[in-house]
1. Find how much the distance from Lys40 to Asp21 grows on full extension, using 0.36 nm per residue of separation minus their present alpha carbon separation; answer in nm with one decimal.
2. Using every alpha carbon pair in the chain, what percent of pairs falls into each 5 Å bin from 0 up to the bin containing the largest distance?
3. For a quick check: sort Arg26, Arg48 by the number of other beta carbons within 10 angstrom, fewest at the front.
4. Please list the non-local residues whose amide H lies under 5 Å from the amide H of Phe53, H modeled 1.01 Å from N, same-chain partners needing a gap of 5 or more.
5. For a 27 Å ceiling on Cα separation, which of these pairs sit above it: Lys40/Lys98; Lys3/Lys90; Lys40/Lys69?
6. If you stretched the chain out fully between Val51 and Ala2, how much longer would it get, using 0.36 nm times the residue separation minus the C-alpha to C-alpha distance?
7. Provide Asp52, Asp25, Asp45 in ascending order of the number of other Cβ atoms located within 10 Å of each residue's Cβ, fewest first.
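Rule-based calculations on the coordinates, nothing more; no lab input. Note that the structure is a prediction, hence the values are computed from the model and not measured. Here Cβ is always computed from backbone atoms with ideal geometry, including for glycine, and neighbour counts include all displayed protein chains.
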Amino acid sequence: MAKFYVMGNYSAQAFQGFVKDPGQDRGKAVEAISQAMGGKVHSFDIVRGPVDFVAVVEADSFTNVAAIKLAVEASGSISNMTICEAIDIKSAAEMAGKVASVYKPAG
């Protein structure tokens, strides 16, 4: 399974829900949707900064996490959801070396 870092912003509608029910556990919702796609949540935090939440999840594919993005953004409660996939930099650098040997830059 691959590891993904998912972050985004809550909508005004979602913040209204937080004010109405401050005790709700959004981490449980994240776990439920991740498990529905065969994934696992490592952490979920509400954060201070340019995004409102950050989750670390494992899933079989980027497509599975993209499906979660489509579903939650379609609900109107989340926007600006960004998915970053952890990579093996050593493998990427090895591949880049192969590509660099055949790449011819413009000009």
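1. Taking 0.36 nm per residue and subtracting the Cα distance, the gain is 4.2 nm.
2. The distribution over the chain is 2, 11, 19, 20, 14, 10, 7, 6, 5, 3, 1, 1, 0, given as percents.
3. Arg48, Arg26
4. Gly8, Val47
5. Correct reply: Lys40/Lys98.
6. 15.4 nm
7. Neighbour counts put them in this order, fewest first: Asp25, Asp45, Asp52.
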